[in-house]
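Here is the structure we will look at.
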Amino acid sequence: MNQFEARLYDFEGRKDLVKFVKTVADAGLYVHLRIGPYACAEWNYGGFPVWLHFVPGIAFRTDNEPFKAEMKRFTAKIVDLMKGEKLYASQGGPIILSQIENEYGNPGIESAFGSAGKSYVNWAANMAVSLDTGVPWVMCQQADAPDPIINTCNGFYCDQFKPNSNQKPKMWTENWSGWFLSFGGAAPYRPVEDLAFSVARFFQLGGTLQNYYMYHGGTNFGRTTGGPFISTSYDYDAPLDEYGLIRQPKWGHLKDVHKAVKLCEAALVATDPTVTSLGSNLEAAVYKTGSKCAAFLANVGTQSDATVKFNGNSYRLPAWSVSILPDCKNVVLNTAKINSATMVPSFIHQSLNSNVDSSEAIGSDWSWINEPVGISLDSAFVKLGLLEQINTTADKSDYLWYSLSTNIKGDEPFLDGSQTVLHVESLGHALHVFINGKLAGSGKGNSGNAKVALEIPISLSAGKNTIDLLSLTVGLQNYGAFYEKTGAGITGPVKLKSAKSGTTVDLSSQQWTYQVGLQGEELGLSSGSSSQWVSQSTLPKNQHLTWYKTKFDAPAGNDPVAIDFTGMGKGEAWVNGQSIGRYWPVYVASNSGCTDSCNYRGSYSSSKCLKNCGKPSQTLYHVPRSWLQSSGNTLVLFEEIGGDPTKISFATRQTGSLCSHVSESHPSPVDTWDADSTSGMKSGPLLSLECPFPGQVISSIKFASFGTPDGTCGSFGHGQCSSSNALAVVQKACVGSKSCRVGVSINTFGDPCKGVTKSLAVEASCTKRHAQRLNL
């Protein structure tokens with residue numbers, strides 16, 4: 001790769017940045033263009049191209065001339081691209097902010113570079129300002145950001161954050177709506193009550209701008225994941241999920257929070273808050289100017305609900321919650337009380353071949369090609385000693401073969417069967433060991449420790465023996481000081497050990513043969529077009545290093561599509577030549593750390609709320625509809641460790657149940673706010689249901705109870721008391737409609753248990769209107 005090839009820019013297809021920014025503008029939104037160019041984002045190499053590593057004399061993210069030259073070149077390229085399309089707000093466009101660098105001031109990063117770190121920050125700031133965008137620049141997590149750069153906050157909470165100058169606004173550039181998933185890890189999630197609490201607290205204490213990270217989850221297609229060990233799914237428990245569908249109640253409750261804050265806008269932009277204590281862990285923040293007044297009442301305690309007095313009125317505040325009062329009198333929303341419905345997603349498995357039964361897995365005809373063990377390409381080369389993997393492959397492939405031939409004499413101690421051990425140490429991320437062409441063992445690291453150390457019993461023969469080690473990466477390091485120096489691959493030692501005699505021979509410095517990548521990659525098998533595919537009646541299953549191919553038809557309808565890789569081991573998959581990413585369904589999360597429910601009260605961390613312990617980290621892999629044709633699609637797999645492709649199925653992402661649980665103490669829905677009303681609301685508490693997709697209606701009510709219902713969506717119970725007419729009332733109000741609202745009141749249902757605060761819990765199903773008619 002020469003320097004001109006290295007600096008090519010690709011803005012084609014889904015990389016079309018200009019089109020994306022214009023699409024955002026068409027939607028009536030603004031853009032914060034976070035140029036970086038360091039991104040982190042759990043991307044491979046932090047978003048940097050790997051060729052950058054090979055620029056002579058370079059050191060990343062410090063006062064280093066080669067790095068600064070590349071950084072300035074890239075940043076100026078993006079700015080010029082945006083200016084050329086008149087996309088900055090100063091030109092009438094949607095871009096209101098730009099960002100240079102990213103989280104450089106986090107603990108252990110800038111400080112690790114000493115004085116060169118500080119000078120780099122100043123250089124980056126001056127370079128950015130010199131590009132004259134006409135909009136402010138920010139640096140997140142950068143307390144020493146020089147003027148006029150605005151330093152901003154990233155994290156789960158930023159209410160206590162203060163910019164480094166009172167002339168700068170208080171901005172939150174990343175409110176982490178959840179957390180990322182790693183292969184081998186349980187799935188993190190963040191309760192919406194806590195997320196809403198963090199948002200309200202930020203604006204309660206003078207916040208100006210808040211962005212979510214992530215608001216829309218996504219998919220790490222191809223080999224774009226970093227980490228290492230970041231999963232292909234980057235759903236992030238975001239309000240819009242990986243498939244582009246709303247996640248309820250998170251999306252709906254945050255929408256209500258945004259509306260409630262918007263109702264306070266006139267007061268918020270006119271003055272700073274006056275904060276007073278209402279008791280232990282209780283406080284009020286008031287924004288008042290002229291006739292405009294808005295208030296936030298907070299209970300930051302984690303244990304007990306509280307009743308507070310404010311402006312002569314009493315307010316009940318659940319623990320770890322904020323109530324928003326747009327008129328300093330009436331509560332429009334409390335962050336712990338959710339009016340939005342819950343949607344439980346489901347995946348409907350089906351065949352994509354019209355000529356097979358729906359209970360069968362994808363594909364009626366499979367073909368295959370065996371990937372050779374060891375060296376098979378003319379590009380292989382010989383070197384003394386063990387080579388670091390990233391420097392050798394330049395990340396052109398996950399795979400690097402290390403191959404060694406060794407002669408074992410008849411009198412050597414390594415012919416004692418199971419008492420001979422091959423010891424291999426690797427920087428990671430996973431490793432397969434083959435002795436004389438047969439798999440002898442495998443090992444893998446994890447997101448906390450990528451290194452692999454193996455002690456594998458092996459059998460050698462007198463004479464020539466071949467040791468083939470297949471080392472592989474699962475995304476490159478993306479975070480930390482000097483992260484570009486984090487290596488991978490087998491750096492040794494590699495030793496033969498005889499347990500019987502105690503003899504050890506170090507093979508590390510011998511002459512090894514290397515091959516970058518696989519023969520199948522060289523032949524372009526991922527396209528499915530090679531003439532070498534084998535089709536026979538007996539399909540090889542549970543066989544390592546095998547390429548598989550089949551044809552399939554796209555499922556009917558518009559529901560999002562996923563592949564369920566249950567039954568496979570580890571590898572990569574392509575649909576119509578496009579990589580949907582690495583799959584690894586046999587990497588199972590630990591059995592510890594998950595609970596049936598997660599208490600939203602108290603500070604959140606990425607390990608606080610986990611699910612899917614003891615289960616594969618990821619079995620479902622997103623396939624965009626835009627990649628599919630109605631028929632004749634090609635699926636290609638490369639399977640490393642062995643699996644049964646006939647067990648693979650396709651699934652469509654659908655809505656299972658629609659649930660809501662609202663009490664008499666809930667505020668009315670935010671959209672019923674009436675500033676002219678003495679109560680601030682046009683109605684009392686309402687339970688709202690709405691089918692998420694066009695053409696759907698509420699087809700049935702699975703459960704309805706007014707009184708003291710308990711449980712969660714899918715497992716509601718009636719509790720100690722329940723109105724006898726709840727089901728009939730809700731059915732009459734909702735069935736056959738796309739949406740409905742039911743008053744949560746004894747006026748609607750009667751009073752099944754006097755003197756008790758009651759609630760209404762409902763579980764419903766939605767179907768398309770024509771399907772419902774067919775069932776009648």
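Values quoted throughout were computed directly from the atomic coordinates according to the rules given, and no laboratory measurement underlies them. This is a predicted model, so every value here is computed, not measured. Neighbour counts run over all protein chains shown; Cβ positions are idealised from the backbone, glycine included.
Have a look at the DSSP beta bridges in the chain and tell me what percent are antiparallel, nearest 5. Percentage antiparallel, nearest 5: 85. For segment 371-442, trypsin sites (Lys or Arg not before Pro) are listed when DSSP marks them as loop and at most 10 other Cβ atoms sit within 10 Å of their Cβ; the list is Lys409. Charge tally around Val670: other residues with Cβ under 11 Å, Lys/Arg +1 each, Asp/Glu -1 each, net +1. Divided by 2.2 N^0.38 Å, where N counts the residues, the Cα radius of gyration of the chain comes to 1.08. Unpaired cysteine residues in the chain (no second Cys Cβ under 4.7 Å): Cys40, Cys140, Cys264. Placing unit charges on each Cβ (+1 for Lys and Arg, -1 for Asp and Glu) gives segment 181-260 a dipole about its Cα centre, and among Tyr243, Ser198, Pro228 the Cα reaching farthest toward its positive end belongs to Ser198. When only Cα pairs below 8 angstrom with a gap of at least 6 residues are kept, segment 381-516 shows a relative contact order of 41 percent.
Taking amide H positions as modeled 1.01 Å from N, with prolines and chain starts lacking one, the residues under 5 Å from Asn542 and 5 or more places away or on another chain are Gly643, Asp644.
Placing +1 on each Lys and Arg Cβ and -1 on each Asp and Glu Cβ, with no other charges, gives segment 685-768 a dipole about its Cα centre of roughly 180 debye.
When the Cα positions of Leu422, Val21, Gly207 are compared along the charge dipole of the chain, Gly207 comes out farthest toward the positive end, with charges on each C-beta of Lys, Arg, Asp and Glu.
Over the chain, Cα pairs under 8 Å with separation of 6+ residues give a relative contact order of 12 percent. If you take the Cα centroid of segment 19-53 and the Cα centroid of segment 577-655, the two points sit 25 Å apart.
Close amide H contacts of Trp176 (hydrogens built in the peptide plane, cut-off under 5 Å, sequence separation of 5 or more or a different chain): Gly155, Phe156, Tyr213. Take 528-534, 129-135, 82-88 and order them by the average number of nearby Cβ atoms within 10 Å per residue, most first; the result is 82-88, 129-135, 528-534. Taking amide H positions as modeled 1.01 Å from N, with prolines and chain starts lacking one, the residues under 5 Å from Glu242 and 5 or more places away or on another chain are Gly217.
The dipole here belongs to the chain: it is taken about the Cα centre, uses +1 on the Cβ of Lys and Arg and -1 on the Cβ of Asp and Glu, and is about 1480 debye.
Each residue of segment 578-587 was assigned a 3J(HN,Hα) from its phi angle through the Karplus curve 6.51 cos²θ - 1.76 cosθ + 1.60 (θ = phi - 60°); the sequence is 9, 6, 8, x, 6, 10, 7, x, 8, 7 Hz, with glycine and proline shown as x. Computed about the Cα centre, the dipole magnitude for segment 381-516 is approximately 80 debye when only Lys and Arg (+1) and Asp and Glu (-1) carry charge, each at its Cβ. Pairs with C-alpha atoms separated by more than 31 Å, drawn from the list Lys72/Lys444; Lys444/Lys608; Lys464/Lys615, are Lys72/Lys444; Lys464/Lys615. Label separation (Val129 vs Thr712): 5.0 nm, computed from points 7 Å beyond Cα along the C-beta direction.
Tell me the net charge near Lys337. Cut-off is 13 Å between Cβ atoms, Lys337 excluded, with +1 for each Lys or Arg and -1 for each Asp or Glu. Neighbour charge sum, excluding Lys337 itself: -3.
For the cross-link pairs Lys170/Lys250; Lys738/Lys768; Lys485/Lys570, the ones whose C-alpha atoms lie over 20 Å apart are Lys170/Lys250; Lys485/Lys570.
Roughly how tilted is helix 115-130, in degrees to the nearest 10 and between 0 and 90, from the longest Cα axis of the chain? Once rounded, one gets 60 degrees. Gain on full extension, evaluated as 0.36 nm per residue between Asp16 and Leu523 minus their Cα-Cα distance, stands at 179.6 nm. In the chain, taking the dipole from charged Cβ atoms about the Cα centre, the farthest positive-side position among Val331, Leu460, Thr173 is held by Val331. Ranked by the mean number of other Cβ atoms within 10 Å per residue, highest first, peptides 226-232, 389-395, 520-526, 452-458 order as 226-232, 389-395, 520-526, 452-458.
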